[in-house]
Amino acid sequence: MLKKLNLACGQHYMDGYINLDYNRNLKSDVYHDLNKFPYPFNDNTFDEVYCRHILEHVEDLLKTIEELWRISKPGAKILIFGPHSGSFEVQVDLTHKRGLNTQTFRRCFLPEGDTWGFYTRAKFKVLKDYIRFYNYMKPIEYLVNRFRRIKNIYERHFAYIIQSKEIRIVLEVVK
């Protein structure tokens, strides 16, 4: 049976997952502050970690990602949802520390190394990234996500002009 973690579940308690949150006023299986390391799990525990709009809130994203790598089994999937860096959504929540984009996990976590791979030993394959737009902009969403080159051009030159809403990323843990 797959062991799955719902990281910072908030009001989205999920059956079949170990639900973690720091807020004791919410239903959770484990209560823990994500800014306190290590997390209360053994190495190589999880087959899947679900991160729904939480990584933009943590104080130290690099340490958090390293901790997710530590508690995940080789080949585990990390499902990430968060505000795209060019989105209005990044600014409307005072607790947001950052937005995310398609390069966030490509710069220092790739197994084959990258310019900044020396920052961490945690490694991932980026299996998928998808930029979501507001409903009235679905044709742009289709175009941007069609080819990597268009996605790169969008993020480098147009993301702060033609705003997206959310990014979805699937990582595979490499150990």
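Under the definition of Cα pairs under 8 Å and six or more residues apart, what whole-number percent is the relative contact order of region 42-123? Intermediate results must be reported in sequence, preceding the final value.
Values: 114 pairs, mean separation 24.4, N = 82.
Here the relative contact order equals 30 percent.
Quote the FRET efficiency, to the nearest 0.05, computed for R52 versus R148 with a Förster distance R0 of 25 Å and r equal to the Cβ-Cβ distance. Write out the running numbers ahead of the final one.
Working: r = 25 Å, r/R0 = 0.99.
Using R0 = 25 Å, I get an efficiency of 0.50.
Could you calculate the FRET efficiency of H32 with R168 from 1/(1 + (r/R0)^6), where r is the beta carbon distance between them and R0 is 30 Å, rounded to 0.05? List each step's numbers first, then the result.
Details: r = 25 Å, r/R0 = 0.82.
After rounding to 0.05, the efficiency reads 0.75.
Taking θ = phi - 60°, what integer Hz values does the Karplus form 6.51 cos²θ - 1.76 cosθ + 1.60 yield along region 77-88, in sequence order, with x for Gly and Pro?
9, 10, 9, 10, 10, x, x, 5, 4, x, 8, 4
Taking N as the number of residues in the chain, what is its alpha-carbon radius of gyration divided by 2.2 N^0.38 Å?
Details: Rg = 16.2 Å, N = 175, 2.2 N^0.38 = 15.7 Å.
In units of the 2.2 N^0.38 Å rule of thumb, it is 1.04.
Need one number: % antiparallel among DSSP beta bridges in the chain, to the nearest 5.
Numbers: 16 of 31 bridges.
About 50 percent, rounded to the nearest 5.
Please give the FRET efficiency for T95 paired with M137, using the beta carbon to beta carbon distance and R0 = 22 Å, rounded to the nearest 0.05. If you can, show how the numbers build up before the last one.
Working: r = 26 Å, r/R0 = 1.18.
So the FRET efficiency works out to roughly 0.25.
Would you calculate, for the chain, the mean residue ellipticity at 222 nm contributed by helices, counting each DSSP H stretch of 4 or more residues as -39,500 (n - 2.57) and dividing by all residues, to the nearest 500?
Working: 4 runs with 31 residues, N = 175.
Computed ellipticity for the chain at 222 nm equals -4500 deg cm²/dmol.
Read-outs: derived from the displayed coordinates by stated rules, not from any lab. Everything quoted here is computed from the prediction, not taken from an experiment. Don't worry about glycine lacking a Cβ; one is built from the backbone with ideal geometry, like all the others, and counts go over all protein chains shown.
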